[in-house]
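The structure appears below as C-alpha coordinates.
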Amino acid sequence: MSKSIVSTPNAPASIGPFSQAVKANGFVFVSGQVALDPATQKVIEGDVAAQTERVIKNLLAVLKEAKMGPENVVKTTVFLASMADFAKMNEVYERFLGKEPPARSTVQAGGLPKGAKVEIDMIAAF
(Lines give C-alpha, C1' and ligand atoms only; values in the text may rest on other atoms or scores of the structure.)
Protein backbone atom coordinates (compact mmCIF):
# COMPACT_ATOMS: atom_id res chain seq x y z
CA MET A 1 0.00 0.00 0.00
CA SER A 2 1.15 3.50 -0.84
CA LYS A 3 0.26 5.99 1.91
CA SER A 4 1.21 9.62 2.59
CA ILE A 5 -0.04 12.41 4.83
CA VAL A 6 -1.53 15.56 3.30
CA SER A 7 -1.19 18.78 5.26
CA THR A 8 -1.62 22.47 4.45
CA PRO A 9 -1.49 25.70 6.47
CA ASN A 10 -4.47 26.88 4.37
CA ALA A 11 -6.82 24.71 6.43
CA PRO A 12 -7.11 24.42 10.21
CA ALA A 13 -4.56 22.28 11.99
CA SER A 14 -5.90 19.02 13.39
CA ILE A 15 -7.39 19.39 16.87
CA GLY A 16 -6.50 15.83 17.82
CA PRO A 17 -4.26 12.91 16.91
CA PHE A 18 -5.29 12.73 13.25
CA SER A 19 -4.10 14.05 9.90
CA GLN A 20 -5.88 16.63 7.75
CA ALA A 21 -5.90 13.94 5.07
CA VAL A 22 -4.30 10.70 4.03
CA LYS A 23 -3.51 9.80 0.42
CA ALA A 24 -3.62 6.05 -0.21
CA ASN A 25 -3.85 3.97 -3.40
CA GLY A 26 -5.47 6.64 -5.57
CA PHE A 27 -7.78 8.02 -2.88
CA VAL A 28 -7.58 10.98 -0.54
CA PHE A 29 -9.45 10.64 2.75
CA VAL A 30 -10.02 14.11 4.20
CA SER A 31 -10.76 14.21 7.92
CA GLY A 32 -13.92 15.90 9.11
CA GLN A 33 -13.71 19.67 9.21
CA VAL A 34 -15.75 22.09 11.28
CA ALA A 35 -15.91 25.82 10.59
CA LEU A 36 -12.55 26.75 12.04
CA ASP A 37 -10.79 29.81 10.69
CA PRO A 38 -7.34 28.51 9.66
CA ALA A 39 -5.67 31.68 10.99
CA THR A 40 -7.23 31.63 14.47
CA GLN A 41 -8.28 27.98 14.95
CA LYS A 42 -11.60 29.34 16.28
CA VAL A 43 -15.10 28.49 15.02
CA ILE A 44 -16.38 31.33 12.86
CA GLU A 45 -19.46 33.30 13.81
CA GLY A 46 -22.61 32.81 11.80
CA ASP A 47 -25.41 30.45 10.89
CA VAL A 48 -25.10 27.00 9.36
CA ALA A 49 -24.79 28.49 5.85
CA ALA A 50 -21.74 30.55 6.83
CA GLN A 51 -20.25 27.60 8.69
CA THR A 52 -20.88 25.22 5.77
CA GLU A 53 -19.06 27.59 3.42
CA ARG A 54 -16.05 27.76 5.77
CA VAL A 55 -16.05 23.96 6.16
CA ILE A 56 -16.08 23.35 2.41
CA LYS A 57 -13.36 25.94 1.81
CA ASN A 58 -11.23 24.17 4.43
CA LEU A 59 -11.85 20.79 2.81
CA LEU A 60 -11.06 22.10 -0.66
CA ALA A 61 -7.81 23.66 0.62
CA VAL A 62 -6.72 20.21 1.79
CA LEU A 63 -7.74 18.67 -1.54
CA LYS A 64 -5.81 21.38 -3.41
CA GLU A 65 -2.69 20.42 -1.47
CA ALA A 66 -3.25 16.86 -2.76
CA LYS A 67 -3.52 18.26 -6.34
CA MET A 68 -7.28 17.58 -6.44
CA GLY A 69 -10.48 19.60 -6.56
CA PRO A 70 -14.23 19.27 -6.10
CA GLU A 71 -14.48 17.23 -9.31
CA ASN A 72 -12.49 14.46 -7.57
CA VAL A 73 -14.86 14.10 -4.60
CA VAL A 74 -16.66 10.75 -4.67
CA LYS A 75 -18.22 10.61 -1.17
CA THR A 76 -18.99 13.00 1.67
CA THR A 77 -20.53 12.63 5.09
CA VAL A 78 -22.32 15.65 6.56
CA PHE A 79 -22.92 15.84 10.29
CA LEU A 80 -25.44 18.46 11.42
CA ALA A 81 -26.08 19.62 14.97
CA SER A 82 -29.74 19.99 13.90
CA MET A 83 -31.58 18.55 10.90
CA ALA A 84 -33.56 21.80 10.90
CA ASP A 85 -30.44 23.26 9.21
CA PHE A 86 -30.51 20.74 6.33
CA ALA A 87 -31.93 23.10 3.67
CA LYS A 88 -29.51 25.96 4.42
CA MET A 89 -26.52 23.60 4.48
CA ASN A 90 -27.69 21.99 1.26
CA GLU A 91 -27.87 25.33 -0.61
CA VAL A 92 -24.22 26.09 0.16
CA TYR A 93 -23.11 22.49 -0.43
CA GLU A 94 -24.73 22.53 -3.88
CA ARG A 95 -22.83 25.71 -4.86
CA PHE A 96 -19.51 23.94 -4.30
CA LEU A 97 -20.30 20.30 -5.12
CA GLY A 98 -23.51 20.33 -7.13
CA LYS A 99 -22.12 20.14 -10.68
CA GLU A 100 -21.41 16.42 -10.40
CA PRO A 101 -22.51 15.68 -6.85
CA PRO A 102 -20.70 12.94 -4.97
CA ALA A 103 -22.44 10.21 -2.99
CA ARG A 104 -23.41 11.59 0.42
CA SER A 105 -24.75 10.68 3.82
CA THR A 106 -26.23 13.30 6.13
CA VAL A 107 -26.89 12.65 9.80
CA GLN A 108 -27.79 14.62 12.88
CA ALA A 109 -25.00 14.34 15.44
CA GLY A 110 -25.47 14.47 19.19
CA GLY A 111 -22.73 17.09 19.37
CA LEU A 112 -19.94 18.42 17.18
CA PRO A 113 -16.43 19.60 18.10
CA LYS A 114 -16.19 23.12 19.50
CA GLY A 115 -19.98 23.57 19.37
CA ALA A 116 -20.00 23.72 15.56
CA LYS A 117 -23.26 23.50 13.59
CA VAL A 118 -21.83 21.32 10.78
CA GLU A 119 -18.95 18.96 10.10
CA ILE A 120 -18.12 17.37 6.74
CA ASP A 121 -15.57 14.79 5.67
CA MET A 122 -14.64 13.80 2.12
CA ILE A 123 -13.24 10.97 0.07
CA ALA A 124 -11.73 11.91 -3.28
CA ALA A 125 -10.21 9.80 -6.05
CA PHE A 126 -7.63 10.41 -8.76
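The values are calculated or read from the model by the stated rules, or taken from the named source; none is laboratory data. Quick caveat: nothing in here was measured; it's all calculated off a predicted structure. For neighbour counting, all protein chains shown are included, and Cβ atoms are generated from backbone atoms with ideal geometry for every residue, glycine included. These area figures cover heavy atoms from the full protein model, side chains too; ligands, DNA and RNA do not enter into them. Shrake-Rupley method; radii C 1.70, N 1.55, O 1.52, S 1.80 Å.
Within segment 8-35, if we keep just the residues that are of a type outside the set (A, V, I, L, M, F, W, C) and farther than 20 Å from Glu53 by Cα, the residue that is modelled with the lowest pLDDT turns out to be Gly16.
Being of a type in the set (S, T, N, Q) and open to solvent by 30 Å² or more (accessible area, probe 1.4 Å) is the filter here; which residues of segment 1-23 pass it?
At the first step, the residues of segment 1-23 found to be of a type in the set (S, T, N, Q) are 2, 4, 7-8, 10, 14, 19-20.
Result: Ser2, Ser4, Ser7, Asn10, Ser14, Ser19.
So how many residues does segment 91-120 have that are in a loop (DSSP other than H, G, I, E, B), touching a Lys or Arg at 6+ places or on another chain (Cβ under 9 Å) and either hydrophobic (A, V, I, L, M, F, W, C) or open to solvent by 40 Å² or more (accessible area, probe 1.4 Å) (or both)? Don't jump to the end; show me each part of the working.
First, pick out the residues of segment 91-120 that are in a loop (DSSP other than H, G, I, E, B): 98-102, 109-112, 116-117.
Imposing the further condition that a residue be touching a Lys or Arg at 6+ places or on another chain (Cβ under 9 Å) reduces the set to 102.
Then keep just the ones that are either hydrophobic (A, V, I, L, M, F, W, C) or open to solvent by 40 Å² or more (accessible area, probe 1.4 Å) (or both); that gives none.
Qualifying residue count, segment 91-120: 0.
Of the set (1) buried (at least 18 other Cβ atoms within 10 Å of the Cβ); (2) over 19 Å from Leu36 (Cα atoms), all apply to Ile123 but (1). In the set Lys57, Lys42, Lys75, only one residue is over 14 Å from the mean Cα position of the chain (by Cα) and charged (D, E, K, R); that residue is Lys42. The requirement of being open to solvent by 60 Å² or more (accessible area, probe 1.4 Å), touching a residue at least 12 places away in the same chain (Cβ under 8 Å) and at positive phi is fulfilled somewhere in segment 24-44, by at least one residue.
Assess whether Gly69 counts as being under 16 Å from Asp121 (Cα atoms) and of a type outside the set (Lys, Arg).
Details: under 16 Å from Asp121 (Cα atoms): yes; of a type outside the set (Lys, Arg): yes.
Yes; evaluated as a whole, the condition is true for this residue.
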